[in-house]
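The values are calculated or read from the model by the stated rules, or taken from the named source; none is laboratory data. Note that this is a predicted model, so its numbers are computed, not measured. Here Cβ is always computed from backbone atoms with ideal geometry, including for glycine, and neighbour counts include all displayed protein chains.
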Amino acid sequence: MREGHFEKRKDGKSAKKVGVIYKNLTVKGVAASASFVRTLPDAILGTFGPDLYHILCRFFPFLSVGSPNTRDLIHDFTGCVRDGEMMLVLGRPGAGCSTFLKAVANNRQGYAGVSGDVTYGGIPAGKQAKMYRGEVNYNPEDDIHFANLNVWQTFTFALMNKTKKKAREEIPIIADALMRMFGIAHTKYTRVGDEFTRGVSGGERKRVSIAETLASKSTVMCWDNSTRGLDASTALDYARSLRIMTDVSNRTTLVTLYQAGEGIYDLMDKVLVIDQGREIFMGRKEEARQYFVDLGFQAPERQTTADFLTAVTDPIERRFRPGCEQSTPKTPEELEKAFRESPQYQKVLEDVRDYEASLQQSNYEAAKEFESAVQEGKSKHVSNKSPYTVSFFQQVLACSKREFWLFFGDTTTLYTKVFIIISNGLIVGSLFYGTSEGTAGAFPRGGALFFSILFLGWLQLTELMKAVSGRAVVARHKDYAFYRPSAVSMARVLTDFPIIAVQVCLFSIIMYFMCTLDIEAGKFFIYLLFVYVTTILLTALYRMFASLSPEIDTAVRFSGIALNLLIIYTGYVIPKPQLLGEYIWFGWIYWVNPLGYSFEAVLTNEFSGRTLP
């Protein structure tokens with residue numbers, strides 16, 4: 001545990017230590033509206049209306065009109081968590097616990113607005129987001145991973161992006177240490193899995209999420225219900241691990257739990273209680289129970305402190321002391337007002353002032369040491385202002401390796417694709433087998449060539465699901481400062497080159513020779529080249545729609561429409577002269593259609609230098 005942070009140390013203490021101060025923190029979200037199940041007519045109209053408009057707005061934001069109704073998700077929070085401290089955030093589901101953690105972790109995407117001040121050891125939130133994004137992390141409640149990676153690959157990939165080149169030999173050691181620490185060493189080569197892919201158990205998957213977050217080597221860590229799926233004993237061990245790491249590495253740790261036993265509660269330093277976005281208590285954990293008892297609530301003898309604090313916010317579960325039923329505040333607004341008027345709130349304000357004063361008196365020495373330690377942990381080719389640890393080139397290499405792991409890890413899809421390619425090549429090729437060498441065989445050859453450039457492009461539609469489903473993982477890794485999203489795009493293109501080349505060779509060899517096309521080496525390789533390039537271009541087109549679409553349904557609809565337009569205006573269904581001469585209002589599509597150029601190229605290649613009897 002002591003070596004798990006892998007950081008510069010000074011006098012035996014961590015150099016990466018920053019606390020968090022938040023003042024008047026308010027987060028606004030879009031108010032919920034009615035949601036309806038979409039029907040087929042809705043999907044058709046949406047394709048040429050609202051859905052298309054939303055995609056265009058992503059390209060041209062100025063097209064957006066109006067502003068959505070907003071409401072406060074959390075309202076006017078103030079407090080601080082110093083380095084080396086742990087704070088437990090309590091509240092019912094929907095109270096705003098996750099929103100608070102995301103706001104503290106500077107993970108503000110998806111909110112209508114965030115106001116108030118959040119600083120990290122004196123470093124403003126804007127500077128932190130720009131230069132030190134990976135040092136403040138939020139671990140979500142859901143376990144978001146690539147299901148086809150095994151546990152060892154998941155950890156190795158995370159460490160490859162957070163370890164500079166000189167320390168690369170330590171990556172396998174660290175990965176094995178993380179697995180042993182969380183008791184999942186036996187799952188080393190087992191797929192992580194998800195709801196649809198068989199893999200490790202739910203509890204083991206939760207430990208993978210925790211360990212991956214630790215591999216990010218961040219300084220401020222926000223854990224959102226991370227014990228979900230763990231048994232009571234394992235949850236307590238996990239909390240003890242956080243306590244040890246917080247003490248040894250001077251980390252700042254914020255945890256929200258919906259079920260925290262007394263053993264876990266005792267490990268905390270501070271507690272924050274939230275009721276419908278209102279801060280109704282913030283302070284030392286020892287003072288929380290008595291504060292609410294003094295307000296008039298009754299604390300059952302056998303109820304844990306965390307359950308009691310959460311029950312205070314539940315109108316059904318909470319109980320009042322005899323004689324206090326009328327005077328005790330009940331609504332979130334009343335509870336917030338009571339807290340603001342209490343001596344406990346003055347302690348919070350005094351704690352914030354004392355922490356700010358200590359930072360100023362030290363001339364923000366901790367922040368300077370933090371910045372220096374972060375810089376020393378980076379590769380030498382990484383800019384001082386970059387939030388990433390390794391260079392863009394190293395990110396692309398790591399993402400490329402992961403793409404190959406994902407490709408070979410999904411053996412079902414791999415074998416299915418190979419079977420479809422070979423079987424369709426044989427079936428369709430047999431239809432054109434023995435085609436006449438004379439003029440009677442000219443049109444069938446055109447059909448064979450048309451099918452050749454299109455088939456693998458159709459098959460690549462499966463990339464839509466991969467691109468859309470993997471978006472959540474890429475977004476989380478971006479927040480962890482593992483890599484730039486552009487590195488993933490570049491890696492996918494690089495891995496496409498050899499993978500698609502193998503697919504094209506399998507299909508083209510069968511099709512070319514079964515269709516009795518012109519047996520000439522030069523013509524065969526030109527045919528191979530254009531089938532290959534066309535497949536690459538269609539794959540890129542699908543990924544573009546996947547990146548612009550909010551969900552897989554939208555991506556499939558627009559990709560299907562685009563593919564049909566490309567097919568119609570290729571020059572095969574409607575001959576090129578007729579297309580450009582009689583249908584000029586849509587004929588211009590031919591000039592921007594890569595399939596049209598590919599089809600013309602393979603057609604010219606096949607018939608050039610041939611005399612048809």
- request: For residue 464, indicate whether it is over 24 Å from the mean Cα position of the chain (by Cα), surrounded by 18 or more Cβ atoms within 10 Å (Cβ to Cβ) and assigned by TED's automatic domain parsing to the domain that holds residue 513.
  value: no
task: Keeping to region 254-267, report how many residues are of a type in the set (A, V, I, L, M) and either surrounded by fewer than 23 Cβ atoms within 10 Å (Cβ to Cβ) or out of contact with any helix residue (DSSP H, G or I) (no Cβ under 9 Å at 6 or more places or on another chain) (or both).
output: 1
- prompt: Quick one: would you say residue 110 is under 21 Å from the mean Cα position of the chain (by Cα), surrounded by fewer than 22 Cβ atoms within 10 Å (Cβ to Cβ) and at positive phi?
  reply: yes
query: Name the pairs: first residue in region 552-565 and in the same structural domain as residue 461 (by TED's automatic domain parsing), second residue modelled with pLDDT under 85 and among the hydroxyl-bearing types (Ser, Thr, Tyr), Cβ to Cβ under 6 Å, at least 6 apart or on different chains?
result: 555/549; 557/47
Every residue from region 384-424 that is assigned to a helix (DSSP H, G or I) and surrounded by fewer than 13 Cβ atoms within 10 Å (Cβ to Cβ): 393, 408, 411, 412, 415, 416, 419, 423
task: For region 544-559, enumerate the residues that are assigned to a helix (DSSP H, G or I) and under 15 Å from residue 472 (Cβ atoms).
output: 546, 547, 552, 555
statement: residue 427 meets each of (1) among the aliphatic types (A, V, I, L, M); (2) part of a helix (DSSP H, G or I); (3) touching a residue at least 60 places away in the same chain (Cβ under 8 Å) with one exception, condition (3)
message: Please determine whether any residue of region 309-324 is without any contact (Cβ under 8 Å) to a residue 12 or more places away in the chain, assigned by TED's automatic domain parsing to the domain that holds residue 76 and either crowded, with 17+ Cβ neighbours inside 10 Å or aliphatic (A, V, I, L, M) (or both).
response: yes
- prompt: Being of a type in the set (D, E, K, R), surrounded by 14 or more Cβ atoms within 10 Å (Cβ to Cβ), touching a Phe, Trp or Tyr at 6+ places or on another chain (Cβ under 9 Å) and part of a helix (DSSP H, G or I), is that true of even one residue in region 348-368?
  reply: no
message: Just to be sure I understand, how many residues within region 555-574 are of a type outside the set (A, V, I, L, M), surrounded by fewer than 18 Cβ atoms within 10 Å (Cβ to Cβ) and farther than 17 Å from residue 42 by Cβ?
response: 1
Subset of region 156-184 that is touching a residue at least 60 places away in the same chain (Cβ under 8 Å) and assigned to a loop (DSSP other than H, G, I, E, B) - its residue that is farthest from residue 406 (Cα to Cα): 164
message: Tell me yes or no: at least one residue of region 185-196 is among the acidic types (Asp, Glu), without any contact (Cβ under 8 Å) to a residue 12 or more places away in the chain and closer than 15 Å to residue 145 by Cβ.
response: yes
task: Please find, within region 583-613, the residue that is surrounded by the most Cβ atoms within 10 Å (Cβ to Cβ) out of those that are small (Gly, Ala, Ser) and assigned to a helix (DSSP H, G or I).
output: 598
task: Can you tell me which residue within region 226-253, out of those that are over 26 Å from the mean Cα position of the chain (by Cα) and in a loop (DSSP other than H, G, I, E, B), is surrounded by the fewest Cβ atoms within 10 Å (Cβ to Cβ)?
output: 231
- request: Go through (1) closer than 21 Å to residue 179 by Cβ; (2) buried (at least 21 other Cβ atoms within 10 Å of the Cβ); (3) of a type outside the set (Phe, Trp, Tyr) and name the single condition residue 282 misses.
  value: (1)
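For (1) buried (at least 16 other Cβ atoms within 10 Å of the Cβ); (2) closer than 29 Å to residue 19 by Cα, each residue gets a yes or a no:
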residue	(1), (2)
171	yes, yes
176	no, no
193	yes, no
206	yes, yes
212	yes, yes
218	yes, yes
message: Show me the helices (runs of 4 or more DSSP H) found entirely inside region 1-112 where at least 2 residues are modelled with pLDDT under 70.
response: 50-59
message: Tally up the residues in region 285-308 that are in contact with a strand residue (DSSP E or B) (Cβ under 8 Å, 6 or more places away or on another chain), small (Gly, Ala, Ser) and surrounded by fewer than 23 Cβ atoms within 10 Å (Cβ to Cβ), please.
response: 1
- prompt: Restricting the search to region 482-492, which residues are under 17 Å from residue 382 (Cβ atoms) and surrounded by 22 or more Cβ atoms within 10 Å (Cβ to Cβ)?
  reply: 482, 483, 487
- line: Out of (1) under 25 Å from residue 227 (Cα atoms); (2) buried (at least 17 other Cβ atoms within 10 Å of the Cβ); (3) aliphatic (A, V, I, L, M), the one residue 185 does not meet is (2)
- request: Can you run down the residue pairs with Cβ atoms below 7 Å, 6 or more apart or on separate chains, where the first is in region 264-280 and assigned by TED's automatic domain parsing to the domain that holds residue 230 and over 23 Å from residue 236 (Cα atoms) and the partner is in a helix (DSSP H, G or I) and among the β-branched types (Val, Ile, Thr)?
  value: none
- line: Selection over region 511-554 where residues are surrounded by fewer than 17 Cβ atoms within 10 Å (Cβ to Cβ) and more than 35 Å from the chain's Cα centre (by Cα) yields a count of 7
query: Is there any pair with a first residue in region 587-605 that is among the charged types (D, E, K, R) and a second that is at pLDDT below 90 and surrounded by fewer than 18 Cβ atoms within 10 Å (Cβ to Cβ) whose Cβ atoms are under 9 Å apart and which are 6 or more apart or on different chains, and what are they?
result: 600/576
- prompt: Quick one: which of 213, 219, 190, 163 is within 23 Å of the chain's Cα centre (by Cα), of a type outside the set (D, E, K, R) and farther than 21 Å from residue 479 by Cα?
  reply: 190
task: Could you grab me the full set of residues in region 335-347 that are part of a helix (DSSP H, G or I), over 38 Å from the mean Cα position of the chain (by Cα) and either surrounded by 15 or more Cβ atoms within 10 Å (Cβ to Cβ) or not assigned by TED's automatic domain parsing to the domain that holds residue 75 (or both)?
output: 338, 344
query: Does residue 304 satisfy being more than 23 Å from residue 341 (Cα to Cα), of a type outside the set (A, V, I, L, M), touching an Asp or Glu at 6+ places or on another chain (Cβ under 6 Å) and assigned by TED's automatic domain parsing to the domain that holds residue 87?
result: yes
